[in-house]
Each structure stands twice: as C-alpha cells, then as structure tokens.
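Enquirer: Encoded as structure tokens, here's the structure I'll be asking about.
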Amino acid sequence: KITFSVHAAAALIYLFKKQRDAFGLSLFSDSIELHTPCKSSSVHQKYLSGELEKLLDPLPVTAFKKTSTTTALHEISEKLHKRSLVIIFSDMLENSAGADELYASLQHLRHNKHEVILFHVIDKSKEIEFDFDNRPYKFIDIEKGEELKITPSEVKELYTKRIKEYKNELKLKCGQYRIEFIEADINRGFEQILLPYLLKREKLF
C-alpha cells in the first residue's frame, strides 16, 4: 500500500508541476514526520520525490511503527492557512473505538474550507473480501508486532461483515462532509487516482 501510494502521489505531483500549481507534502505515522510548504518549482518537485522515494526502502521486520491518522489530520488542518485541495492516501484503519475521533478530524479539514479527496488505499481481495486459501496463516500487526495464527474460514464471515460496515460508515461520513471518497485498490491501475483529481480540479477552476 505504501508503494502504491508513493507512485500515485508522485504522479499527482508531476501533474501539479505541469499545471504550474503549488504543491506540498505531509507524511505521518503517529505524528507528522514531514510537512512542507507549497511551491511550484522544479527544485521542490525533486525534493518531494526524494522524500517519497525514501518510503520505498523496506523497513526491518522489527521496525514496527504506530499510526494515528486522527492526530495527523488535526495537525495538518491547523498548519494549512490557505484554502487548499487536500489529497489523502490512507487505509483509514484506525482502532474502531476511535472512529468518531477519526471522522471529526476529516470534518476539521472541511470546516477550514479545504476541498478534500480521500483515496482509501486497500488491497480489496485480501482486506475487504478476505480472499485467502483455507489453510493456517500467521497474521502480524505491523504497528504493534503482535501475531495471530488463524484459519481464514473461521473468521471470514464476521470479518467481512465488520470491515464492510466500517467502510460503508466511512463513505457515509465523507458524503456528509462533502469529502470525495475514492476506493483505491492497489491491484488496479493509477487511472483510479488521476481521473478523480482531474475532475475535481476542473470543478475548482
């Protein structure tokens, strides 16, 4: 999902530069790790490309890193002082207990008058449809390092029900906040990324 998001973001940055739009980049885990100003220069484009490229380096198996989309989106909302088009790449898989806080952080962006596109980056066959062979698997939480050994058929029905309920709720909230929700399946091409952006830009200008 990181690789897909990096290449999609790089493609959008290329388009911004061609259209002489200013662009910036924010990267976050459990807090913001990078937040750049918006510029339209070639030097800035190369700098952002370099920062994105760093994300393609595989992390050691033990380098578990937590993520807090909620905290990051609130921080980004406060840092953006000029009305902007905000494009988010995230799987939005926060702890379900924190769903209300996550939705509040999305609403914060809209409250500050930004136009927002959320690309929900997922592996649809595995994360939504839970399409695994019926044999034992070991699943590892990449944020905590916890391991769980299960046979997919034992949990598939409940898992697919819960994940689809969460996704539908997320889509509903985005609709209420007038945030464009785009399912970005990593197994498909980048047209699903570029076309919604171009249509949104046409509406803005």
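Enquirer: Looking at the stretch 7-27 only, could you name the residues that are of a type in the set (A, V, I, L, M, F, W, C) and either part of a loop (DSSP other than H, G, I, E, B) or touching a residue at least 60 places away in the same chain (Cβ under 8 Å) (or both)? Can you show your working first?
Expert: So the first thing to find is which residues in the stretch 7-27 are of a type in the set (A, V, I, L, M, F, W, C), and the list is 8-13, 15-16, 22-23, 25, 27.
If the condition is that a residue be of a type in the set (A, V, I, L, M, F, W, C) and either part of a loop (DSSP other than H, G, I, E, B) or touching a residue at least 60 places away in the same chain (Cβ under 8 Å) (or both), then 8, 9, 11, 12, 15, 22, 25 are the ones that fit.
Enquirer: Does at least one position in the stretch 66-81 carry a residue that is part of a loop (DSSP other than H, G, I, E, B), open to solvent by 40 Å² or more (accessible area, probe 1.4 Å), modelled with pLDDT of 90 or more and closer than 22 Å to residue 7 by Cα? Steps first, please.
Expert: Our first condition is that a residue be part of a loop (DSSP other than H, G, I, E, B); within the stretch 66-81, this holds for 66-68, 80-81.
Cutting the leftovers down to open to solvent by 40 Å² or more (accessible area, probe 1.4 Å) gives us 66-67, 81.
After this cut, where a residue has to be modelled with pLDDT of 90 or more as well, the list is none.
Looking for residues that are part of a loop (DSSP other than H, G, I, E, B), open to solvent by 40 Å² or more (accessible area, probe 1.4 Å), modelled with pLDDT of 90 or more and closer than 22 Å to residue 7 by Cα, one finds none in the stretch 66-81, hence no.
Enquirer: Next question. Output the residue which, of all residues in the stretch 32-57 that are open to solvent by less than 50 Å² (accessible area, probe 1.4 Å) and closer than 27 Å to residue 105 by Cβ, is farthest from the chain's Cα centre (by Cα).
Expert: The extreme case among them is 44.
Enquirer: Okay, next question. Checking the structure you have, find out if any residue of the stretch 4-25 is within 20 Å of the chain's Cα centre (by Cα), at pLDDT 95 or above and aromatic (Phe, Trp, Tyr).
Expert: yes
Enquirer: Among the listed residues 152, 196, 136, which satisfies the condition of being touching a strand residue (DSSP E or B) at 6+ places or on another chain (Cβ under 9 Å) and loosely packed, with under 12 Cβ neighbours inside 10 Å? Break it down into steps so the answer makes sense when it comes.
Expert: Details: 152 fails: loosely packed, with under 12 Cβ neighbours inside 10 Å; 196 fails: loosely packed, with under 12 Cβ neighbours inside 10 Å.
The conditions single out 136.
Enquirer: Among (1) in contact with a Leu (Cβ under 9 Å, 6 or more places away or on another chain); (2) of a type in the set (A, V, I, L, M); (3) farther than 30 Å from residue 22 by Cα, which single condition is residue 86 missing?
Expert: Condition (3) is where residue 86 drops out.
Enquirer: For the stretch 112-125, indicate whether the set of residues that are surrounded by fewer than 18 Cβ atoms within 10 Å (Cβ to Cβ), at pLDDT below 90, in a loop (DSSP other than H, G, I, E, B) and out of contact with any strand residue (DSSP E or B) (no Cβ under 8 Å at 6 or more places or on another chain) is non-empty.
Expert: Yes: the stretch 112-125 contains one or more residues that are surrounded by fewer than 18 Cβ atoms within 10 Å (Cβ to Cβ), at pLDDT below 90, in a loop (DSSP other than H, G, I, E, B) and out of contact with any strand residue (DSSP E or B) (no Cβ under 8 Å at 6 or more places or on another chain).
Enquirer: Here is a further query. Which one of these is of a type outside the set (A, V, I, L, M, F, W, C) and within 15 Å of the chain's Cα centre (by Cα): 159, 137, 197?
Expert: 197
Enquirer: When you check residue 93 against the structure, is it in a loop (DSSP other than H, G, I, E, B), of a type in the set (A, V, I, L, M, F, W, C) and within 24 Å of residue 181 (Cβ to Cβ), yes or no? Give the derivation first.
Expert: Values: in a loop (DSSP other than H, G, I, E, B): yes; of a type in the set (A, V, I, L, M, F, W, C): yes; within 24 Å of residue 181 (Cβ to Cβ): yes.
When the stated conditions are applied, residue 93 passes them.
The values are calculated or read from the model by the stated rules, or taken from the named source; none is laboratory data. This one's a predicted model, so the numbers in the text were calculated from it and none came from an experiment. Neighbour counts run over all protein chains shown; Cβ positions are idealised from the backbone, glycine included. All accessible areas refer to the heavy atoms of the entire protein, side chains included, with ligands and DNA or RNA removed. Shrake-Rupley method; radii C 1.70, N 1.55, O 1.52, S 1.80 Å.
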